[in-house]
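The values are calculated or read from the model by the stated rules, or taken from the named source; none is laboratory data. Owing to the predicted nature of the structure, the values given are computational and were not obtained by experimental measurement. So basically every Cβ, Gly included, is an ideal-geometry build from the backbone, and we count neighbours across all protein chains shown.
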Amino acid sequence: MSTMKVTNMTEMEQRIKMRYAFAMSSFGRMFRPDHITMEMRSVCKSWSEDIDTLTPSRSDLYKVDRYFLELWKNRYDAESKSN
């Protein structure tokens, strides 16, 4: 028998906000906060709302930034697959 934790909407919204901030911080490190584009924000939003996608390990910020850089580079590939 498996048990599943029920997550209410407020907890889910908070989790999404935290994931969005996590992704945005990576783009901020890579491109400086004043150079974050609307497309970058869109990538962060899409990633943060897909709660089934695991967060990259926070123990190595270089790997975190590489992960989000690859998402950024492959953003058009992901869009064409969903259409």
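A search for C-beta distances below 6 Å between a residue of the stretch 37-58 that is more than 11 Å from MET24 (Cα to Cα) and any residue that is hydroxyl-bearing (Ser, Thr, Tyr) and assigned to a helix (DSSP H, G or I), counting only pairs 6+ apart in sequence or on different chains, returns PRO56/TYR67. Scanning the stretch 3-17 for residues that are at pLDDT 90 or above and touching a helix residue (DSSP H, G or I) at 6+ places or on another chain (Cβ under 8 Å) yields ILE16, LYS17.
Note on the stretch 20-83: enclosed helices (runs of 4 or more DSSP H) holding 3 or more residues that are over 13 Å from the mean Cα position of the chain (by Cα) and either surrounded by fewer than 14 Cβ atoms within 10 Å (Cβ to Cβ) or of a type in the set (Phe, Trp, Tyr) (or both) are 61-73, 75-82.
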